[in-house]
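The values are calculated or read from the model by the stated rules, or taken from the named source; none is laboratory data. For clarity, every value in this text was computed on a predicted model and none was experimentally measured. Note: ideal-geometry Cβ built from the backbone for every residue, glycine included; neighbour counts use all protein chains shown. The accessibility values were calculated without ligands, DNA or RNA, using every heavy atom of the protein model including side chains. Shrake-Rupley method; radii C 1.70, N 1.55, O 1.52, S 1.80 Å.
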Amino acid sequence: QKEVEQDPGPLSVPEGAIVSLNCTYSNSAFQYFMWYRQYSRKGPELLMYTYSSGNKEDGRFTAQVDKSSKYISLFIRDSQPSDSATYLCAMSQGGGGSYIPTFGRGTSLIVHP
Amino acid sequence: ETGVTQSPTHLIKTRGQQVTLRCSSQSGHNTVSWYQQALGQGPQFIFQYYREEENGRGNFPPRFSGLQFPNYSSELNVNALELDDSALYLCASSFSEVYNEQFFGPGTRLTVL
């Protein structure tokens, strides 16, 4: 079992839909949680960064962390065709542990007009 | 403020050859990490450099080596290339080695024939 599990998709939704992307993890020491967006043949771009449990909102994006369930989510409201990309979750321990992030394999999202 | 840059963009090598990839970190960042991203997978951590010293290494053989220079730019060297080394190589920089937010360059796509 990998430390971070992420469904590769593809996830296909119509424009304007609410998108839910998820990751599960096994290492309870993870405290820092990131979401990256990666367009085809480009490097990942940091979208959201959260510490510990709770929600964080930034525009159309909301990140949720449930440490008790070892489950994190990224919600995209009013999805646009330009949101079509691969979304990578990443997490790290920080503190006394490593700050090096462990990545999921990414979920491919397609938003069609 | 300039972002992370990498060169070259693409590279084709044959098995057994050696390759050097280059990365310039984002302004103000002193830590550089290198990742290998195979097709359909998330980035896998190779190693990190902080103030010119290796500061952590992933599960990669010694034929993967690196350098960081006083201006915090970095090189990744791979000797005795194998077919499985074909991947997107990503460089990411951050403010420090204890900082979770990493900012990625566009990557170098290496093809080994």
- Item | Unit charges on C-beta of K, R, D, E only; dipole of chain A, Debye | 220 debye
- Task: Using only atoms on other chains, find how many Cβ atoms lie within 10 Å of each Cβ of peptide A:44-53 and report the average.
- Result: 2
- Calculate I(q)/I(0) for chain B by the Debye formula, one identical point scatterer on each C-alpha and no solvent, and give its log10 at q = 0.09, 0.15, 0.18 Å⁻¹ to two decimals. -0.20, -0.57, -0.82
- Over chain A, with neighbouring protein chains present, the accessible area per residue in Å² at probe 1.4 Å is 46 Å²
- Query: What's the center-to-center distance, using Cα atoms, between region A:39-75 and region B:28-60 in Å?
  - Reply: 21 Å
- Message: Just the number: Rg to Rh for the protein assembly as shown, Cα atoms, Kirkwood Rh, two decimals.
- Response: 0.97
- Lysine pairs, Cα distance under 22 Å, 8 or more residues apart or cross-chain: how many in the protein assembly as shown? 5
- With the Cα gyration tensor of chain A in hand, give its eigenvalues times 5 under a square root as the equivalent ellipsoid semi-axes, listed largest first in whole angstrom. 24, 14, 12
- So how far apart, in nm, are the two label points at residue A:5 and residue A:51 if each is 7 Å from Cα heading toward Cβ? 3.0 nm
- Item | Net charge dipole size for the protein assembly as shown [Lys, Arg +1 and Asp, Glu -1 on Cβ; Debye, nearest 20] | 340 debye
- Summed buried accessible surface, chains A and B, 1.4 Å probe, nearest 100 Å²: 1700 Å²
